[in-house]
Amino acid sequence: MSVILATAGYDHKIRFWEAPSGISSRTLRYPDSQVNCLEIHPEKTLLAAAGNPHIRLFAIDSTNNNPVLACEGHTASVTGLGFQRNGNWMYTSSEDGTVKIWDIRSPGYQRSFNCGCPVNSVTLHPNQAELISGDQNGNVKVWDLSTSNCVAEFVPDGVVPIRSVSIGEDAKHVVAANQNAEVFVWNPESSKNYTEVCRFFAHETGYCIKAKISPDCRSLVTTGSDRTARIWDTSTWQLTKTLGQHQQWVWDATFSADSSYLVTACSDHSARLWSLKTGEVVRQYTGHQSCVSCVALNDST
């Protein structure tokens, strides 16, 4: 399967899609709760789905609709999820106040980092040796995986919750977006030395829900409760496109491997594939009976 596209949400369903046609090719039931986040294994063999508080891994190229692994250990809603570059382990964040690392060959977590308050987002540094978390108390923390210690902490705007954190593959920029829709950009010169580059308000009204740097590191997408996804040039941090055909909140977004397309997930029960060259919708994916809260795409070759 060259292109894997999956969506999930509040209807307790995970849907796989034929990306070009918009046809739903497979539906999985997620009985535990809504699905908060999805991530595709780098080898395109597994789809990880996280809810409240469970994590389930499903085989992608299979007729078996039951999870092949259930990961237990969080005690509240899981808010962030990702795989290490080679797919050997997985990392998660949760409203239970922890960030955890999992060996995907076993159901229990291997390590746990206590953040002291609900964690809304986590991302892995390209060096594969640090995790960056954003939490409900407004903290951005850097965790050294070799020592299991928090080696840096930033509080960019008091106790305003950090909703999303992201780092570029070139490791030149770390981005955090808070609940007031303010985006903070740093240059991570080292794990302990983050130099602020700029800060700006990404959405004039409402909340910023997700912020993510593109694979080519040239763009940032932010999504908001104002029914838009917005594209920002990371060389100037100026707005380049507003994707505004959503009918309700935009919860998630993910880039194609070449950074020329974007898929958004929306409360209006649908996901949309956008051309970032034209700013137009190429395909709409409909079939969910409730809010689509997360999307995962892997079209790498």
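A few points about this structure:
- Shown in residue order for region 98-115 are the 3J(HN,Hα) couplings computed by the Karplus curve 6.51 cos²θ - 1.76 cosθ + 1.60 at θ = phi - 60°: 10, 10, 10, 10, 10, 7, 6, 8, 9, x, x, 7, 8, 9, 9, 10, 8, 8 Hz (x for Gly and Pro).
- A cut-off under 10 angstrom between Cβ atoms defines the neighbours of residue 75, and their net charge, with Lys, Arg +1 and Asp, Glu -1, is -3.
- Gain in span if fully extended, residue 284 to residue 114, counting 0.36 nm per residue against the direct Cα distance: 57.2 nm
- Accessible area expressed per residue, the chain, with surrounding protein chains retained (probe 1.4 Å, Å²): 40 Å²
- Local electrostatic count, residue 29, Cβ distance below 15 Å [Lys/Arg +1, Asp/Glu -1]: +2
- Carbon-plus-sulfur accessible fraction, the chain (probe radius 1.4 Å, protein heavy atoms only): 44%.
- Cα point-scatterer Debye curve for the chain, base-10 log of I(q)/I(0) at q = 0.07, 0.10 Å⁻¹: -0.23, -0.48
- For residue 190 and residue 257, the FRET efficiency from 1/(1 + (r/R0)^6), where r spans their Cβ atoms and R0 equals 35 Å, is about 0.75.
- Label point 7 Å beyond Cα of residue 65 along Cβ direction - residues of region 272-301 with amide nitrogen under 18 Å: 286-290
- Stretching residue 277 away from residue 128 to a fully extended chain increases their span by 50.5 nm, per 0.36 nm per residue minus the current alpha-carbon distance.
- Contour minus Cα-Cα distance for residue 197 and residue 216 (0.36 nm per residue): 4.9 nm
- Subset of 212/277; 100/192; 44/141 violating a 23 Å alpha-carbon distance limit: 44/141
- Vicinal HN-Hα couplings computed from phi for region 124-136 (Karplus, 6.51 cos²θ - 1.76 cosθ + 1.60; Hz; Gly/Pro x): 9, 4, x, 6, 6, 10, 9, 10, 10, 10, x, 10, 5
- Rounded accessible area of residue 286 (nearest 10 Å², 1.4 Å probe): 90 Å²
- In loop segments of region 6-74 as defined by DSSP, the GluC sites (Glu not before Pro) with at most 15 further C-beta atoms inside 10 Å of their C-beta are 43, 72.
- Rounded FRET efficiency, nearest 0.05, which uses the C-beta distance separating residue 27 from residue 147 and R0 of 45 Å: 0.55
The values are calculated or read from the model by the stated rules, or taken from the named source; none is laboratory data. Everything numeric in this text was worked out from a predicted model, so none of it was measured. Glycine gets a Cβ as well: all are built from the backbone with ideal geometry, and neighbour counts include every protein chain shown. Quick note on the areas: whole protein, heavy atoms, side chains included, nothing else; ligands and nucleic acids left out. Shrake-Rupley method; radii C 1.70, N 1.55, O 1.52, S 1.80 Å.
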